[in-house]
Amino acid sequence: MLLLAVAGITYASRAVSLVFMPSPPPRLERFLNRIPAPLFASLAAISLIEEPRHLAPPEVLLAAAGALIMSPRRSLLAALVGGLAGYALGEILL
Amino acid sequence: MRENGGAASGPRASHPSLAVALAPIAAAIFIFGAVYGTVSAPEMGAPMTFLASALVFSGALQFTIAGLLLAGAGPAALLAAAVTLNVRHVLLGAVLRPRIKAPAPARAGAAWFLLDETVGLALTHEGDAARTLWRAGPVCYVAWLAGTAAGLAGGSVDVLQSAAVAVFPVLFIGLAALSCRNRSGAVRAVAAAAVTAAVALAWPDARALAPVFAAIAVALPGGDS
């Protein structure tokens, strides 16, 4: 039952804007267009901080650095390759 | 600062085909799924672990729930986690809404496939965003289920688990880079990451909502009208 409730909440969160929100006016659309990059960057930042107040392990930080170095290429594959290289470097050096 | 989201300079101009862009995402999701299967099975049992992947289809939330169960949390804490972690979906859905012309039933179906990863793809590929969700989403879903099943079948995946911790930030950095339209977007992304990190370090209890509020805060200053 709990699992169904969690699944229901998750689907509702995905559907509420897509199904029920009317197409927004241009000004709101411009604001919404500015959200994805900061949101994803924030999610990256939060995944580098472990609870309660610790940074992620060094090899994870190096993986993130590798992805950041590749970010001007604006390619997910490049980010993953950079991250993998950073992670491998961390495993070798640390 | 002016936002230049024109076709020539925008993110859609130079991106690879959806299949090429999707391949590394599916691989990463498979790894997440394998780790989730391994981590969650001792707490939830194999059938419930697989059912959770089939019904919830949200790696971040499912990992959080597995962690909460391990810590002995009750139903209220699990539901609260589901609400707070899913707030970003409302925001991402709103971002995609102007890019979708499909009727409500098709949008309701596409909503099942609204993930961070598919949103990133939909933002950077031509055509109706719902169509991208319908094309990329099933691949991600199968990868997630197959990964979960592999984790349940394969026992210990300590090496994968260690690497999977690193894949989360790497994937989000890649999605942020994909979504950046211009220098202004990059500045906002860096600012949001800094605000989120500061909030998470100063108020750990607020960390689940920090990314959403930081993204909204840095997106508010306009100058593009």
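Count the net charge of all other residues whose Cβ sits under 13 Å from the Cβ of residue A:22, scoring Lys and Arg as +1 and Asp and Glu as -1.
+2
Restricting to DSSP H runs of at least four residues, report the calculated mean residue ellipticity at 222 nm for chain B, -39500 (n - 2.57) per run over all residues, nearest 500 deg cm²/dmol.
-24500 deg cm²/dmol
Where nothing but the Cβ of Lys and Arg (+1) and of Asp and Glu (-1) is charged, how large is the charge dipole of the protein assembly as shown around its Cα centre, in debye to the nearest 20?
My answer is approximately 1180 debye.
Pull up all non-local amide H partners of residue A:50: gap of 5 or more, or a different chain, and H-to-H distance under 5 Å with H placed in the peptide plane.
A:55, A:56
Work out the FRET efficiency for residue A:69 and residue B:202 from their Cβ-Cβ distance, taking R0 = 41 Å, and round it to the nearest 0.05.
Approximately 0.90, to the nearest 0.05.
Relative contact order (percent) for segment A:8-94, with alpha-carbon contacts under 8 angstrom and 6 or more residues of separation?
Here the relative contact order equals 22 percent.
Determine ³J(HN,Hα), in whole Hz, for all residues of segment B:72-88 in sequence, where each value follows from phi through the Karplus function 6.51 cos²θ - 1.76 cosθ + 1.60 and θ = phi - 60°; x replaces Gly and Pro.
Couplings: x, 5, x, x, 4, 5, 5, 5, 4, 5, 4, 5, 5, 6, 8, 4, 5 Hz.
Per residue of segment A:18-30, in order, report the coupling 6.51 cos²θ - 1.76 cosθ + 1.60 (Karplus, θ = phi - 60°) as ³J(HN,Hα) in whole Hz, putting x for Gly and Pro.
Working through the residues one at a time gives 5, 8, 9, 7, x, 4, x, x, x, 5, 5, 4, 4 Hz.
Running a GNM on chain A with Cα contacts under 10 Å, which residue among A:75, A:23, A:47 ends up with the highest mean-square fluctuation?
A:23
Around residue A:60, what is the net charge, scoring Lys/Arg as +1 and Asp/Glu as -1 over all other residues with Cβ under 13 Å from its Cβ?
Residues close to residue A:60 contribute a combined charge of -3.
Set Lys and Arg Cβ to +1 and Asp and Glu Cβ to -1, take the dipole of the protein assembly as shown about its Cα centre, and tell me which of B:71, B:37, A:42 lies farthest positive.
In the protein assembly as shown, that residue is A:42.
Calculated from DSSP H runs of 4 or more alone, at -39500 (n - 2.57) each and per residue, what is the 222 nm mean residue ellipticity of chain A, nearest 500?
-21500 deg cm²/dmol
Given Cα pairs under 8 Å that are at least 6 residues apart, what percent is the relative contact order of chain B?
It rounds to 34 percent for chain B.
Assign unit charges at the C-beta atoms only (+1 for Lys and Arg, -1 for Asp and Glu), then state the dipole size of chain A relative to its Cα centre in Debye, rounded to the nearest 20.
Here the size comes out at about 520 debye.
Would you tally the net charge around residue B:64, using a Cβ to Cβ cut-off of less than 15 Å, leaving residue B:64 out, and scoring K and R as +1, D and E as -1?
The answer is -3.
Each reported figure results from applying straightforward, stated rules to the coordinates on display, with no laboratory input. Worth saying up front: this structure is predicted, and the values here are computed from it rather than measured. Cβ: placed from backbone, ideal geometry, glycine included. Neighbour counts: every protein chain shown.
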